[in-house]
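Everything on this sheet refers to the single structure shown next.
The values are calculated or read from the model by the stated rules, or taken from the named source; none is laboratory data. Predicted model, so just to flag it, every value in this text is computed and none were measured. Ideal geometry is used to build each Cβ from the backbone, glycine not excepted, and the neighbour counts take in all protein chains shown. With ligands, DNA and RNA removed, areas are computed over all heavy atoms of the protein, side chains included. Shrake-Rupley method; radii C 1.70, N 1.55, O 1.52, S 1.80 Å.
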Amino acid sequence: MKSVAQVREELTAPGQLFETDEIDIRGVRTRIWKHAPTTLREILDISRGHGDADYLVYDDDRLTFAQHYAHAATFARRLVDDYGIAKGDRVAIAMRNFPEW
């Protein structure tokens, strides 16, 4: 059986999905995943590829990846159209940790 260290080494090796790198962030050397999405938009676009598979299950409610993407896109459009949010603006959302939010 492989050790945790061996598995970590394999997963983070050059060319692997979880390959690591170090970059400067505000003058601090920081370890990062080299191939990780850099924006929430990228994460949503990747998750959209799962289509009708379950994204979220809470009690009797189910939401597919496609439905989640549609909800997120609608919310983003409303932030722009109804509230004038533009690139570079910061938005904070405070809410309970429930799917309907």
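Odds and ends about this structure:
- Among the trypsin sites (Lys or Arg not before Pro) within region 1-82, those in coil by DSSP and having at most 13 neighbouring Cβ atoms inside 10 Å are Lys2, Arg26.
- Every helix of 4 or more DSSP H residues in the chain counts as -39500 (n - 2.57), and over all residues that averages to -11000 deg cm²/dmol at 222 nm.
- Per residue, the accessible area of the chain comes to 90 Å² when a 1.4 Å probe rolls over the protein heavy atoms.
- Shown for the chain: the carbon plus sulfur share of the solvent-accessible area, taken with all protein chains present and a 1.4 angstrom probe, equals 54%.
- The chain: relative contact order in percent, alpha carbon pairs under 8 Å with at least 6 residues between: 12
- The amide H of Ile85, built 1.01 Å from its N in the peptide plane, has Val80 as neighbours under 5 Å, considering only residues 5 or more places off or on other chains.
- Residues with amide H under 5 Å from that of Thr20, placed H, sequence gap 5 or more: Lys34
- Acute angle (nearest 10 degrees) that the helix 65-83 long axis makes with the longest principal axis of the chain, alpha-carbon atoms: 60
- For region 39-93, alpha-carbon Rg and Dmax in angstrom: 13.0, 38
- When Rg and the Kirkwood radius Rh are both evaluated on Cα atoms of the chain, their ratio Rg/Rh stands at 1.07.
- Modelled spin-label separation between Glu22 and Glu42, with each label point placed 7 Å from Cα along the Cα-to-Cβ direction: 2.2 nm.
- Rounded to the nearest 20, the Cβ-based charge dipole of the chain about its Cα centre (Lys and Arg +1, Asp and Glu -1) stands at 400 debye.
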